[in-house]
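These notes are about the structure you will find just below.
The values are calculated or read from the model by the stated rules, or taken from the named source; none is laboratory data. Quick caveat, the model's predicted, so the values are computed rather than measured. Positions of Cβ are backbone-derived with ideal geometry, glycine not excepted, and every protein chain shown enters the neighbour counts.
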Amino acid sequence: MAAAIVLALALQTTVAFTFASHHAAVDLVLIAVVFLALAAGPEAGLLGGSVAGLMQDALAGGVVGVGGLSKSLVGFLAGLVATQFIVAGAAHRFVVFFLASLVNAGCFVGLYRVIDPPGVSASWSALLTQALVNALIGILAFRIVEGAPGWWHHRRMRRSALRSRSRI
């Protein structure tokens, strides 16, 4: 859990800003929190969201705790959805990642509007684009993680077959 959050934070602060335009900003930390919640349940989503959001707030500046609250809420809700419904298909996961991105953005912007009314604003097109990009990357992350053991096994089998051929 900690490794996924640290990796997402490192990629978010280095790589994501390089490749993302202002219209399609990706939130890798949110993707890690939702991934964790879908894989391990609401408690892990709540804890992971709190830690990841607070760390992201501390690194990004601004009011510390707003991101922590929004990501912990999203992590808990995503984990709750995963325990109540079967979220094994790509379409179901897409919906969860998409809605989680919208809930996170709504909570984040709503809290900032309460704290500092003229401070933060977001356009619907930017929010929908970010939710779409987050959902696609989330599905890709699940594909990679679920396919890695099979790929690793296949690779080991090929190596052993090549070694046995070279001995002959």
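At a glance:
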{"quantity": "From the options Gly106, Gly65, residue that is surrounded by fewer than 19 Cβ atoms within 10 Å (Cβ to Cβ) and either closer than 16 Å to Leu47 by Cβ or among the basic types (Lys, Arg) (or both)", "calculated": "Gly65"}
{"quantity": "Cβ-Cβ under 7 Å pairs, at least 6 apart or on other chains, the range 134-148 side surrounded by fewer than 20 Cβ atoms within 10 Å (Cβ to Cβ), far side in a helix (DSSP H, G or I) and among the β-branched types (Val, Ile, Thr)", "calculated": "Ile137/Ile31; Ala141/Ile31"}
{"quantity": "Residue selected from the range 43-79 under the condition charged (D, E, K, R) and under 18 Å from Val26 (Cβ atoms), by the criterion modelled with the lowest pLDDT", "calculated": "Asp57"}
{"quantity": "Selection within the range 12-29 - surrounded by 15 or more Cβ atoms within 10 Å (Cβ to Cβ), part of a helix (DSSP H, G or I) and either touching a Gly at 6+ places or on another chain (Cβ under 8 Å) or at pLDDT below 90 (or both)", "calculated": "Gln12, Ala16, Val29"}
{"quantity": "Residue list for the range 37-61, filter: under 15 Å from Leu80 (Cβ atoms) and surrounded by fewer than 24 Cβ atoms within 10 Å (Cβ to Cβ)", "calculated": "Ala39, Ala40, Gly41, Pro42, Glu43, Ala44, Leu46, Leu47"}
{"quantity": "All positions within the range 110-129 that are in contact (Cβ under 8 Å) with a residue 60 or more places away in the chain and either in contact with a Leu (Cβ under 9 Å, 6 or more places away or on another chain) or among the hydrophobic types (A, V, I, L, M, F, W, C) (or both)", "calculated": "Ala126"}
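Quick grid of which residues meet (1) over 19 Å from Ile5 (Cα atoms); (2) modelled with pLDDT under 95:
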{"residue": "Val81", "(1), (2)": "yes, no"}
{"residue": "His92", "(1), (2)": "yes, no"}
{"residue": "Val95", "(1), (2)": "yes, no"}
{"residue": "Val103", "(1), (2)": "yes, no"}
{"residue": "Val120", "(1), (2)": "yes, yes"}
{"residue": "Trp124", "(1), (2)": "yes, yes"}
{"residue": "Glu146", "(1), (2)": "no, yes"}
